[in-house]
Ligand SMILES: Cc1ncc(COP(=O)(O)O)c(C=O)c1O
């Protein structure tokens with residue numbers, strides 16, 4: 001079976017994990033700090049502006065917490081993974097769901113303008129970022145869980161809003177050994193508050209805190225993966241271009257928008273017959289999926305027409321660094337008419 005996703009882990013990640021195990025210090029320590037600093041360097045922030053946590057969801061919750069989101073109107077698209085609903089519920093915020101733009105997997109910014117939100121969570125779905133330079137006065141959480149390495153105007157995603165979050169879940173662009181997340185901000189006071197929240201134990205007060213820590217084993221694996229990220233992104237781009245060259249109609253950024261540089265987190269095939277495609281790939285041992293199929297969208301079709309249409313007209317194909325050329329040929333054999 002060619003899986004829809006497969007982590008790309010090798011001897012370097014194994015050695016990093018062994019190094020930490022043998023060191024005798026397994027929990028949050030020097031490796032986490034080094035990972036945070038290397039992450040800052042990668043995205044172009046000064047040292048000390050990133051906080052590693054246990055998941056992307058944890059980093060989103062902490063973003064909402066640090067932005068005082070309780071009882072606030074929090075806008076985000078319904079066409080997204082459930083982590084956003086959970087985080088908003090955990091902070092007791094008021095969900096305000098907005099449709100995605102036509103022919104885009106991302107929130108419709110023209111609807112956001114009219115929404116009068118207190119806080120907006122902007123996921124950059126499938127690696128496709130958005131230009132938010134017209135929203136300078138808004139409080140925006142850039143959800144870069146699917147878009148690490150993407151840029152707008154040559155600046156990394158996560159640096160354009162109030163805060164940025166990333167996920168290192170096993171299927172994401174890099175993984176810190178299964179789960180992990182990062183919170184970034186250019187505002188040092190937000191960073192300090194998030195770090196304080198993460199230090200939950202042995203404190204001399206009873207402020208609310210929680211254990212959202214990343215372990216040193218996770219961070220050591222994440223550091224190796226971060227070094228490999230540029231090569232991973234190149235390989236993903238190569239696969240994406242191969243699919244396009246063979247005539248597949250893939251979701252992509254409008255070529256006119258030269259200032260938007262996506263990463264190829266997903267290869268989303270546009271088709272009016274998704275189930276037929278999924279079945280025909282399945283019959284030759286290839287796993288493909290409907291990329292996002294949230295209950296809230298299918299239950300409220302008339303409120304989210306673009307989202308609903310997307311769930312009915314897209315199939316996500318395998319695309320990851322360890323996908324081999326012969327596996328790509330197998331996938332194409334079911335999709336390209338000779
Ligand atoms: C857009 C988006 N936001 C948030 C998350 C949550 O990240 P995690 O799975 O690391 O908690 C994910 C990943 O599942 C995601 O795709």
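None of the figures in this text is laboratory data; all of them are computed from the coordinates on show. Since the model is a prediction, treat every value here as computed from it, not as a measurement. For neighbour counting, all protein chains shown are included, and Cβ atoms are generated from backbone atoms with ideal geometry for every residue, glycine included.
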Between the modelled labels at residue 195 and residue 337 (7 Å from Cα along Cα→Cβ) the distance in nm is 6.0
Sequence ranges 317-323, 24-30, 125-131, ranked by mean other-Cβ count within 10 angstrom, highest first: 125-131, 317-323, 24-30
Note down the relative contact order for segment 187-296 as a percent, whole number, built from C-alpha pairs under 8 angstrom at least six residues apart. 15
Give me the one-decimal Kirkwood hydrodynamic radius in Å for the chain, with the sum taken over alpha-carbon pairs. 20.7
How high is the relative contact order of the chain? Use alpha-carbon pairs under 8 Å, at least six apart in sequence, and give a whole percent. 23
Largest first, please: the extent of the C-alpha atoms of segment 76-148 along each principal axis, to the nearest Å. 30, 24, 21
Extending each Cα 7 Å along its Cβ direction at residue 187 and residue 90, get the distance between those two points in nm, one decimal. 2.0
Stretch residue 293-residue 276 to full length: gain in nm at 0.36 nm per residue minus the Cα-Cα span? 4.4 nm
To check you understand DSSP bridge types, tell me what percent of the beta bridges within the chain (both residues inside) are antiparallel, rounded to 5. 55
Students often check this: by mean Cβ neighbours within 10 Å, which of 57-67, 282-292 ranks highest, and how do the rest follow? 57-67, 282-292
For a protection proxy built on the mean count of beta-carbon atoms within 10 angstrom, sort 31-39, 273-281 highest first, please. 31-39, 273-281
Where labels lie 7 Å past Cα in the beta-carbon direction, separation of residue 202 and residue 41 in nm: 2.8
How much mean residue ellipticity at 222 nm does the chain get from its helices, if each DSSP H run of length 4 or more adds -39500 (n - 2.57) and you divide by all residues, to the nearest 500 deg cm²/dmol? -11500 deg cm²/dmol
Calculate, in nm to one decimal, what residue 153 and residue 244 gain on full extension: separation in residues at 0.36 nm each, minus their alpha carbon distance. 30.3 nm
Using Cα springs under 10 Å in a Gaussian network model of the chain, which residue among 243, 206, 166 shows the largest mean-square fluctuation? 206
Determine the shape class of segment 117-246: with a ≥ b ≥ c the square roots of the Cα gyration tensor eigenvalues, call it rounded for a/c under 1.5, and otherwise prolate if a/b is greater than b/c, oblate otherwise. oblate
Extension gain, residue 227 back to residue 330 (0.36 nm per residue minus Cα-Cα distance, nm): 34.1 nm
